[in-house]
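Everything below concerns the one structure shown next.
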Amino acid sequence: NAGVMQNPRHLVRRRGQEARLRCSPMKGHSHVYWYRQLPEEGLKFMVYLQKENIIDESGMPKERFSAEFPKEGPSILRIQQVVRGDSAAYFCASSQGPGQFFGPGTRLTVL
Amino acid sequence: DQQVKQNSPSLSVQEGRISILNCDYTNSMFDYFLWYKKYPAEGPTFLISISSIKDKNEDGRFTVFLNKSAKHLSLHIVPSQPGDSAVYFCAASGLNNNNDMRFGAGTRLTVKP
């Protein structure tokens, strides 16, 4: 039973480019969460999705950021026109009940 | 608005001694609490949890204590081992509202041999 999978593990982008981060939840899990961890800070909630629905996006910046969890395939966190301040580790978690299980994260570096 | 606080950014303990990590929360609606452990370049891994109907949960060397009146929980590791060196995150949510999980900033534990 594979855990939560994220790819790529490392992503380098230049300012103004787009970043796409993928998350495949654990088998049987229909709830997906995205978190961001800035250097020396804790995990900050960004968005909570169920299949084909965004349930709570209160932690996601209103501009440039979007997320989806289609009926088929992984959840995608998309960052358009990246800036240096977007450099962080982005973690995905999934659940089907209490508690969340995390993926290994994607480390985004914006040059 | 930081609803979950870990006021100690770091803790250093000698191998074999007890490590005590603390966490405070402000939202009285939280009724499920978790501790996660995180190594560098890896995602957080679930360690132990407790629901608000209990005040203690034990799993091997790890014990979580919950004081609801003080809105405080702690993680005890005894005996501490060098492999326990990691960042520990406290998290809280509603048992039936998992999407509202909030994390503390983390405490970096270093266990010295």
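Please state which one of A:Ala93, A:Ala89 is under 30 Å from B:Ser51 (Cβ atoms), within 12 Å of chain B (Cβ to nearest Cβ), touching a residue at least 60 places away in the same chain (Cβ under 8 Å) and of a type outside the set (Phe, Trp, Tyr). Being under 30 Å from B:Ser51 (Cβ atoms), within 12 Å of chain B (Cβ to nearest Cβ), touching a residue at least 60 places away in the same chain (Cβ under 8 Å) and of a type outside the set (Phe, Trp, Tyr) holds for just one of A:Ala93, A:Ala89, which is A:Ala93. For the stretch B:87-101, the tally of residues that are modelled with pLDDT under 85 and facing chain A (nearest Cβ under 9 Å) stands at 6. Taking the stretch B:4-40 as the range and being among the hydrophobic types (A, V, I, L, M, F, W, C) and within 25 Å of A:Pro98 (Cα to Cα) as the test, the residues that pass are B:Val4, B:Ile20, B:Leu21, B:Cys23, B:Met29, B:Phe30, B:Phe33, B:Leu34, B:Trp35. Could you list, in sequence order, all residues of the stretch A:17-67 that are of a type in the set (Asp, Glu), surrounded by fewer than 16 Cβ atoms within 10 Å (Cβ to Cβ) and either more than 13 Å from every other protein chain (Cβ to nearest Cβ) or over 15 Å from A:Ala93 (Cβ atoms) (or both)? Once the filter is applied, which keeps residues that are of a type in the set (Asp, Glu), surrounded by fewer than 16 Cβ atoms within 10 Å (Cβ to Cβ) and either more than 13 Å from every other protein chain (Cβ to nearest Cβ) or over 15 Å from A:Ala93 (Cβ atoms) (or both), the stretch A:17-67 yields A:Glu18, A:Glu40, A:Glu41, A:Glu52, A:Glu63.
Yes/no matrix, rows are residues, columns are (1) buried (at least 20 other Cβ atoms within 10 Å of the Cβ); (2) polar (S, T, N, Q):
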{"residue": "A:Pro70", "(1), (2)": "no, no"}
{"residue": "A:Gly73", "(1), (2)": "no, no"}
{"residue": "A:Gln80", "(1), (2)": "no, yes"}
{"residue": "A:Ser87", "(1), (2)": "no, yes"}
{"residue": "A:Phe91", "(1), (2)": "yes, no"}
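Quick check, is B:Asp84 within 14 Å of chain A (Cβ to nearest Cβ) and in contact (Cβ under 8 Å) with a residue 24 or more places away in the chain? Taking the combined requirement at face value, the residue does not satisfy it. Taking the options B:Ser69, B:Ser10, name whichever one is exposed (fewer than 13 other Cβ atoms within 10 Å of the Cβ) and farther than 22 Å from A:Leu43 by Cβ. Answer to the check: B:Ser69.
The values are calculated or read from the model by the stated rules, or taken from the named source; none is laboratory data. All values derive from a computational prediction rather than experimental measurement. Using ideal geometry, Cβ is built from the backbone for each residue, glycine included, and neighbour counts are taken over all protein chains shown.
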